[in-house]
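The values are calculated or read from the model by the stated rules, or taken from the named source; none is laboratory data. In this text the structure is predicted, and so the values were computed from the model without any measurement. Positions of Cβ are backbone-derived with ideal geometry, glycine not excepted, and every protein chain shown enters the neighbour counts.
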């Protein structure tokens, strides 16, 4: 059934192409709008070119290392280095295609909003759908290529490692870029100069709009490509082993199930996009309802389609496979709903957070942190419940299937996420092009909704990361068993571990620490890059007083260059941490300490990622709630306090938080790919120092 993945890939990529052409046929607006859109396009491409130069060095070095291990030492398949490259290439390509369409859809969305809210929504959502379908289409294409070569588990884990590595660079670098620009635009523009962040007099305005694309579109696309293929290949790798415990099912059938579910997900997501529409005068609640119709409709179709798949191909006795997938599908929607509850200004948590702005920035920060911490409760309980249910049904294979189920709607959930940056850019262009006030009101409505859907998308990504990392942890235990020649079932290696063993405790403590160190490095990176941006904007205001008077043109390119340089400089060390930590731990303490390291990182990283993403989303929407007229509106003391909260939340939700889920999976995949080498080096280390 390898042809199933080709069907899914062709359907997704074909639909993405149709939508991309439809978006490009839309009217891009007047000359000023075209000029602004081109500036954003040029800035985004310039950033990606610089990023790819840095990333290419990393991939060449790791390709050489894998080549030595594969071709020189014979410890890995000769395909491994090439699989690593394809994973990184397709991950980057997914982000690049999505960003290319998004940077052309921004002016078209603003122009559509002149006509109606629905017209603007359709352009922005179509652009987001291109991103979603490109991610799932390229993911299934890469899986198809290596499946055709009949190198399923080891090679696919390696291309998953390449995808994760590229995603970490893209998400982290893009996050640093966008938040450096955003902080400069907010603090100096809004708070100090008293002008909107998208005012054409704000030197950081173009950099801010560029950042929306390189961080929230290109970075997010690479991120979710990695999440998508990671969940599928982890489950395929476990499928061969799981089949030994399932009567009358072959290893090939167990391997085929996750890709078949993914293909059904593609087709159902395409159908779901056709019901996302609203009336011209729709409220934000109506817009949210339109997006929900698409996602919930796709969810229902996938549940029905996967049920028929199991019944027709395996038989009713294997409904446990369908049930495990449904567990993940339901868990994803629960996490998505409660993410929306804690971050949307339609609900009490964010509204109460906006009240804290009345007493200043300090109480705003305290309340936002409290909200973020509390918001971890339901997602953690949900993942616990999903893990127990899936394991009860089908063991570790069931946990992998639940992760696939959670991401089976990615084609449309990513569309609802990726449309947000397009709407944000559209609002910026409307402001800078001095369009009619009702246009900005409509783009702001789309943007505010986009903040909520973006937070929901992050919730899906983080939740699936937890389940995928568990599946990868099991696969790592299986690899140890094979290399060490251990007896027993695959779960014996992972589950029969003495938690009081000092090496296990060392691994747990090191693993629990890593997400915090990683987040510290990435947030400090944003702080330093943002400091450079703030100084540049202040310098321009000081040296060119005509900027605020509207008689001099700001140096937009200078701000774009500062964000680019800061992002490239700061993203390297945190990214290397994910590769070096598990390898070094394994060499010194052995492979079982690495299991503890991965477990510690998973538990602390999952909770930390949710807290940061939800706190950041709530701060952002609390600010927008005030800008909508609450507590004195724009320019009030409450608004200034909310801007400070949003500034703190920016790196939480768009840099550190979403990067943690990539960190967890990349560490797991690095551990699996290098397990043979690490065990050999650990044996050598013991002989030398014993």
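For the criterion of being more than 30 Å from residue 156 (Cβ to Cβ) and at pLDDT below 85, residue 620 fails.
Scanning region 11-26 for residues that are under 13 Å from residue 97 (Cα atoms) and either surrounded by 15 or more Cβ atoms within 10 Å (Cβ to Cβ) or touching a strand residue (DSSP E or B) at 6+ places or on another chain (Cβ under 7 Å) (or both) turns up 13, 16, 17, 19, 20.
Scanning region 256-290 for residues that are modelled with pLDDT under 80 and assigned to a helix (DSSP H, G or I) turns up 284, 285, 286, 287, 288, 289, 290. Can we say residue 185 is modelled with pLDDT under 75 and surrounded by fewer than 24 Cβ atoms within 10 Å (Cβ to Cβ)? When the stated conditions are applied, residue 185 does not pass them.
What pairs can you find where one residue is in region 339-352 and without any contact (Cβ under 8 Å) to a residue 12 or more places away in the chain, the other is buried (at least 17 other Cβ atoms within 10 Å of the Cβ) and assigned to a helix (DSSP H, G or I), and their Cβ atoms are less than 8 Å apart, with a gap of 6+ or different chains? Sorted first by the residue in region 339-352, then by its partner, the pairs are 341/349; 347/340; 347/341.
Which ones in region 437-467 are touching a helix residue (DSSP H, G or I) at 6+ places or on another chain (Cβ under 7 Å) and farther than 26 Å from residue 649 by Cβ? Within region 437-467, 439, 467 qualify. Would you confirm, using the coordinates I've provided, whether residue 551 is in a helix (DSSP H, G or I) and either over 25 Å from residue 202 (Cβ atoms) or modelled with pLDDT under 90 (or both)? It is false that residue 551 is in a helix (DSSP H, G or I) and either over 25 Å from residue 202 (Cβ atoms) or modelled with pLDDT under 90 (or both). Taken as a whole, the structure leaves residue 29 outside the set of residues that are in contact with a helix residue (DSSP H, G or I) (Cβ under 8 Å, 6 or more places away or on another chain), closer than 16 Å to residue 136 by Cα, modelled with pLDDT under 90 and surrounded by 16 or more Cβ atoms within 10 Å (Cβ to Cβ). Scanning region 33-56 turns up at least one residue that is within 18 Å of residue 670 (Cβ to Cβ) and part of a helix (DSSP H, G or I).
A residue that is crowded, with 21+ Cβ neighbours inside 10 Å and over 30 Å from residue 100 (Cβ atoms) occurs nowhere in region 433-448. Residue count for region 364-386 satisfying the condition of being assigned to a helix (DSSP H, G or I) and touching a residue at least 60 places away in the same chain (Cβ under 8 Å): 12.
On the given criteria, is residue 217 buried (at least 24 other Cβ atoms within 10 Å of the Cβ), touching a helix residue (DSSP H, G or I) at 6+ places or on another chain (Cβ under 7 Å), modelled with pLDDT of 70 or more and under 30 Å from residue 668 (Cα atoms)? Yes, satisfied. The residue list 403, 357, 418, 389 contains one member that is touching a residue at least 24 places away in the same chain (Cβ under 8 Å), more than 17 Å from the chain's Cα centre (by Cα) and buried (at least 24 other Cβ atoms within 10 Å of the Cβ), which is 357.
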